[in-house]
Amino acid sequence: MNKKTGSFPDLRLRRLRASETIRSMLANPMPGPEKFIWPVFVVEGENIKQPIDAMPGQFRYSVDKLVDAVLEVKNMGIKAVMLFGVPPVEHKSPDASYACCPDGIVQTAVRKLKGTFSSELMVFTDICVCEYTSHGHCGLLNEKGIVENDPSLELLAKMALSHVEAGADCVAPSAMMDGQVSAIRGALDSSGFTDTLLLSYSTKFASSFYGPFREAAASSPSAGDRKGYQADYQNPRAAIRESFFDEVEGADMLMVKPSLFYLDIISTIRSESLLPIAAYNVSGEYSMLIASAQNGWGDLRLMVRESTAAIDRAGADLIISYWANQYNQLLKD
Ligand SMILES: [Zn+2]
């Protein structure tokens, strides 16, 4: 098919965008609220709604306040949240044992949310131990300070199982350990949780755009970095292979994180896999738009819509986004 028939002056492309009416008829719609998962931070205590300085509009909530916040997003049509636990320093340890505690902060929040909203809310939980290790790495360290892959798998599986026992609908492993998907799937299946979803952070880059999150979750490594396990943005083939690897291991859904700087990666995985793909619009991508708007360099609503449309267009089925709790102000038509 020749797509390039005709030329000016017989053809005039501006006819197709001459009025708001014809433009709106031809426009791809903004993704609806049901396409979003709101990532949210949970702390111990009561009556806490603590602003996160690096992420205006986002807060750390105690479980009671989380219920109110989730009710607000549910009323906008958002159907899912992703929980991140922010434990007090005294609960951090080299072996991250608190991550698996049945009465831990995430487990308690899951029970409360599922008890309140039942099947009308999908509760996703992040499965990684960097918020729970005293050293801030995503797995167990050996004596040389290197994250040991295989011993970390058992820990991640145990953490995931504790979330599912509390009622989580979907676990989302993000530690980037080889074999984490099959280890978690195996642990869930052998405990009878064959219907629980697994969303793998399958292509998660070692990115400079996680800074505000690390402030929010107090999860920076005390030494070293995460380049030994997260994907290298200068090696896109290896990063894409991570997703295929997790598909074979049994992930139900794949993820690309961050999203705006990796639209090509989302698009490639979309064309090569039939699995649903989630894109994580990360904290740095969120905060940079707010900073730009605060400086008068751009209109926040317009920038949020344009960037969200780009993630949708690249092929993401689900968008994990901090904009979700501001859906009505920023994304609703
Ligand atoms: Zn981690």
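Give me the percent relative contact order of the chain, please, defined on Cα pairs under 8 angstrom at least 6 residues apart. Over the chain, the number comes to 17 percent. Only bridges with both residues in segment 1-131 count here: give the DSSP antiparallel percent, nearest 5. Around 20 percent antiparallel, to the nearest 5. Stokes-Einstein, applied to the Kirkwood radius of segment 272-333 over Cα pairs at a viscosity of 1.567 mPa s and 4 °C, places its translational diffusion at 105 µm² s⁻¹.
Highest mean packing comes first when the peptides 208-214, 223-229 are listed by Cβ atoms within 10 Å, giving 208-214, 223-229.
Seen against the Cα atoms of the chain and their longest principal axis, helix 300-314 is set at about 90 degrees. Distance distribution P(r), the chain, all Cα-Cα pairs, bin width 20 angstrom from 0: 31, 57, 11, 1 percent. Each DSSP beta bridge with both residues in the chain is either parallel or antiparallel, and the antiparallel ones are about 15%. In the chain, helical runs assigned H by DSSP with n ≥ 4 each contribute -39500 (n - 2.57); averaged across all residues and rounded to the nearest 500, the mean residue ellipticity at 222 nm is -11500 deg cm²/dmol.
Which of Ser191, Ser292, Ser19 moves the most in a Gaussian network model of the chain with Cα springs under 10 Å? Between Ser191, Ser292, Ser19, it is Ser19 that shows the largest mean-square fluctuation. Sorting 135-142, 310-317, 256-263 by average packing, meaning the other beta carbons within 10 Å per residue, from highest down gives 256-263, 135-142, 310-317. Treating segment 126-264 as a set of equal point scatterers at the Cα positions, no solvent, please give the Debye-formula log₁₀ I(q)/I(0) at q = 0.16 Å⁻¹. Rounded to two decimals, the profile gives -0.83.
Principal-axis analysis of the Cα atoms of the chain puts helix 236-249 at an angle of about 60° to the longest axis.
Only the coordinates and a few stated rules stand behind these numbers; no lab work does. All of these numbers come straight from a predicted model, not from anything done at the bench. Cβ: placed from backbone, ideal geometry, glycine included. Neighbour counts: every protein chain shown.
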